[in-house]
Amino acid sequence: MNKHYESTSSSDAQQVTLRGPADLADALPYLLGFHPTDSVVLVGLHGGRGRFGGRLRQGIPQSAQEWGPAADQLADCLISGSEQRGGRPDAIVLFLCQDPSTGESADEVMERLRPFAQLLRTACGSLDVPVLEALCISNGRYWSYCCPDGRCCPKGGTLLALPGTTVMAAAATYAGIQVRGSLRELEQRLVPWSGAHEPEQLRALDEVGAAMVTRILDTHGRSQVARETLDLARGLLERVGDTPVPSAEGVADFHDDGLISHDEAAAVILGLQDRETRDRAARWMEGPEAHAALRLWRALARRCVGPYMEHAAAPLALAAWVSWSTGDEPGARVALELALRADPDYTFARLLHQACDEGVDPEKLRRCLREEEEEARRSAAGPGVQQPDPTEPHRVDRAGTGASARSSAAARSRRVSARTRPVSPANPGTARARRRERLPRGHQEDRDGTGG
């Protein structure tokens, strides 16, 4: 097989020609920004030379009974989404990526997924867009479901090229494109803890939530909780931002977790369930504070243990927003998928996911947030009064006495920190489930589509 495909590029002079399955398999992580694990990936091709266009990734359904509906949905999403962005694909390349389970060989993975590949090819063909190549990638080898020539596509599969040794790797390095590990590694930075410290964090969430319930049922109390949440979140953001981060990502996450106490994490997580509070926190999305905010939201997502996993939708969506706003679309997509896995009806995450799919410029959303911020500042200040940034509660006098308000905020932060000292985390993982008493729905995201 010797078909030609051109990689996309911001400049017509910068093109990479891929010749066949080996080059396609090598190019996949550069197209996504990470190595997909347990994933089906569809990539649109445009024009006579097969220029790469839209791409879509989803986890492989565990049940074979779900493969047919999933194939129809994936084909329709890629083709209709490409049409909305200005061009129906002329063809499609698909990838099935899955490593063997215990006792299974890579050859067996390829054969097990063959019916799914055929369903995907049929679904795309029914929409008049042919699949030119279908590859299975497993355990460092690849197979073609389309090429019958054993000389280039042997039955036992072909070893993937060594990292950094191909034309695509060289072009990506020149263009500044990085592959940021595997999808599993990216997700591991965002999933809830499990292990020794999980019970302590769960106890803090229960205790802080019980104390918060009575306050948020009162209008004044709810406003006060919102102010305290932003005040504490700003303090944590500054604490994280003022602390140098280790270069290794796993060590950096462990380090950030140790900067935040159980009670502090619980108070901000529960406070962010209020839509307006979360929207104000979303304004920390650019400049020097963006990186610190991303570290904070990731750390809080890891604290949503046990039955509080649904609460992770808020910090995960905020992490996705900051990632997207700062140009890290792969990181944003991973966080959004986890947010929607935690709460499929979380409106903020759904809107961000749609905006990413439609190629919306995040600057438009940043401009809206800036305008809302300025309007809120003018409304709070009144005519002729200069109002400080309301997203910086340490510097905002809400009660009319600046010094006492700041002292009170600092005292609240010290009281919370005194109850639970900063801890070192357990290894992240899927948290165990147990029953809990939910916060009132009025304090959580609206489920009828009006909130989120």
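Figures for the structure shown
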| quantity | calculated |
| --- | --- |
| FRET efficiency, 1/(1 + (r/R0)^6) with R0 35 Å, evaluated for Asp128 and Val360 via beta carbons | 0.80 |
| Burial order of peptide ranges 32-42, 145-155 (average beta-carbon count within 10 Å, highest first) | 32-42, 145-155 |
| Nonlocal amide H pairs with Ser182, under 5 Å, H built at 1.01 Å | His35 |
| Solvent-accessible area of Arg114 with every protein chain in place, 1.4 Å probe, in Å² to the nearest 10 | 100 |
| Ile137 - accessible surface, heavy atoms, 1.4 Å probe, Å² rounded to 10 | 30 |
| Cα gyration tensor, the stretch 31-170 - rounded (a/c under 1.5), prolate or oblate | oblate |
| Three-way shape call for the stretch 259-328 based on the alpha-carbon gyration tensor, with the a/c threshold at 1.5 | prolate |
| Under 5 Å, built H, 5+ apart or other chain: amide partners of Gly54 | Gly44 |
| Extension gain from Asn139 to His291, taking 0.36 nm per residue of separation minus the Cα-Cα distance | 51.3 nm |
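The values are calculated or read from the model by the stated rules, or taken from the named source; none is laboratory data. All figures in this text were calculated on a predicted structure; none of them were measured in a lab. Quick reminder, even Gly has a Cβ in these numbers, built from the backbone with ideal geometry, and neighbours come from all protein chains shown. Ligands, DNA and RNA are excluded from the accessible area calculation, which covers all protein heavy atoms including side chains. Shrake-Rupley method; radii C 1.70, N 1.55, O 1.52, S 1.80 Å.
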